[in-house]
1. Which percent of Cα-Cα pairs in region A:211-253 sits in each 5 Å bin, short to long?
2. Comparing B:Leu277, B:Leu116, B:Leu291, which has the greatest mean-square fluctuation in the GNM of chain B with Cα pairs linked when under 10 Å apart?
3. Using only DSSP helix segments of four residues or longer, with each worth -39500 (n - 2.57), what per-residue ellipticity at 222 nm results for chain A after dividing by its residue count and rounding to 500?
4. P(r) for chain B, please, calculated from all Cα pair distances in 20 Å bins and given in %.
5. With charges set only on the Cβ (+1 for Lys and Arg, -1 for Asp and Glu), what does the dipole of region B:2-291 come to about its Cα centre, in debye to the nearest 20?
6. Give A:Lys151/A:Lys205; A:Lys49/A:Lys210; A:Lys151/B:Lys285; A:Lys77/A:Lys151; B:Lys162/B:Lys267 a once-over and call out the pairs whose C-alpha atoms are over 26 Å from each other.
7. Dipole of region A:122-253, Cα-centred, from +1 at each Lys and Arg C-beta and -1 at each Asp and Glu C-beta, to the nearest 20 debye?
8. State, to one decimal in nm, how far the label point of B:Leu112 lies from the label point of B:Glu293, with both points 7 Å from Cα in the Cβ direction.
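Readers should treat all values here as calculations from the given coordinates under stated rules, not as data from a laboratory. All of these numbers come straight from a predicted model, not from anything done at the bench. Note: ideal-geometry Cβ built from the backbone for every residue, glycine included; neighbour counts use all protein chains shown.
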Amino acid sequence: MIRLLVLLALLFARPLWAEEAVVLGLSRDEVAITARFDGSDILIFGAVKRETAIPTDPLDVIIAIAGPSSPVTLRRKDRVAGIWVNAASVQIGSAPSFYAVASSRPLTQVLSEDEDRRYGISVERSINAIVTPGMTVNANEFTQALLRIRKEEGVYQQLEGAVRVDQQTLFHSSIALPANLTEGTYRTRIFLAREGKVIARLQTKIDVRKVGLERFLYNLAQEQATLYGLLSLVIAVIAGWGASALFRLIRLG
Amino acid sequence: MQIYLPIAEISVNAFLLLGIGGMVGVLSGIFGVGGGFLITPLLFFVGIPPAVAVATSANQIVASSVSGLLAHLRRKNVDLKMGWVLLGGGLVGSGLGVALFNYLKSLGQVDLLVRLCYVLFLGVIGALMLVEGLRALRRARMGGGAVLKKRNRNWVHTAPLKVRFRTSGLYISIIPPLLVGFCVGMLAAVMGVGGGFIMVPAMIYILGMPTRVVIGTSLFQIIFVAAFTTLLHAITNHTVDLPLALFLLVGGVVGAQIGTRIGVQLKAEQLRVLLALLVLAVCAKIALELLLEPSELYSIATGGGK
């Protein structure tokens, strides 16, 4: 009886397909945003745990970090009567504020189209479908524009070859979080892939939080808006008066 | 030195912010304009989100205007009585202006209308001021300085309810200042600026106030308009970034003091010509934005709708 239970437990403890599993380490699972915050590097390292012999096909590792998502409105300017104005707009259901995908080889070689769609791994797949009903414009153009602009800003990163894999067992990568980081939970996923198929995956999270003065001011602005507004004005008036008084002293003294 | 701004959620160079604040402060002190039309695009350029840039620059304008006003007050260059009258008309006007703005917004394309308004207004005002200022400058040079300016009597002087504005040396009806305040307040609310660079020409050319007094008086009423805007943004949108404002205003208040000193050195005619050039430059910039093909046709706004 006990033997049977142990056997069952073993069966359910890990999915049947997982002959190989990920063991993960993060240099940090919390990023504290202080007043002097200027971006942060996250070192992700791990190993592949397996009980069988190493298969002959090469092993690939993909690491994807996604920031909190929010709906996004995209507008396009068009020329109307000689002047450029915002004409068409498209709303996108949700797009992450940050998305980085690092892989040991170019993503298209590592992952088949189907698998990418299934797990939503590539930058293109991280964006949710379009929600504006009855739009006549070519929505795909707008999603491409969103990807292009955010890639240029460095908040969407496609880091091909940024994951180092040693002996098909150890892997490590470093992902740079930019200075304009949004607060929230950053979903971090690690995929092991062979022959274009995901064979194991692991999900964890990195918490990005404002701390200290940044935290205090942010909360004050959200929860005590009137007080915060008045505080800003008082500071402004005092600073204006202070500078005036100071200059007068300089002139007289 | 990089600093992370909690509301804008971006890390920027503190010295850059001090510089921007200082530059706008100097202009504010010289011309009596708030500088909102200048500081907001500069903040966009640094990467601050538009909503935060607009709200926070209003707060910085309060600081530099207070700084400039105090400097002018000491020189007795502020007509407080006129200031209150203009402000009274201005508050009513901006109340109506906000309503008008929301109505236009419901029709769509308010953004375009605002820009066209800018180009038209700034273009006309700037051109008129430039022509007049240059003529005055030439006359002053040829006449060897002292120019006897003939006060032209018009409806401003003949309308009823006359009040004496001692500092401005005017004895005019109270109705024109109220109307000017009202119109500028309404335009300012629709165009989303403090209205300094519409108010200043209006005071010089419509009310006939001496250029010397105009700047201080304009700063006086800008303080209230900008303070009102700051509060409104802080309460409804939570977009005022205190650390950002702090760096801008440290630069701004110092700049305003320097600007005031520069302004005192300039002759009234020179001041008017320079202001006209500034107004025309802003006008040209907005017109170009409308006419030239933008390098990036798409723009992203987080959050749905709007």
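1. All Cα pairs, binned at 5 Å, distribute as 6, 20, 16, 17, 12, 10, 9, 7, 3, 0 percent.
2. Top of the fluctuation ranking is B:Leu291.
3. Numbers: 6 runs with 78 residues, N = 253.
Calculated at 222 nm, the ellipticity per residue is -10000 deg cm²/dmol.
4. Pair shares across the bins are 32, 58, 10, 0.
5. Working: 22 positive and 7 negative charges, 349 e Å.
Charge dipole, region B:2-291, about its Cα centre: 1680 debye, nearest 20.
6. Values: A:Lys151/A:Lys205 23 Å; A:Lys49/A:Lys210 35 Å; A:Lys151/B:Lys285 28 Å; A:Lys77/A:Lys151 20 Å; B:Lys162/B:Lys267 30 Å.
Long pairs (Cα-Cα over 26 Å): A:Lys49/A:Lys210; A:Lys151/B:Lys285; B:Lys162/B:Lys267.
7. My answer is approximately 200 debye.
8. So the two model labels end up 1.9 nm from each other.
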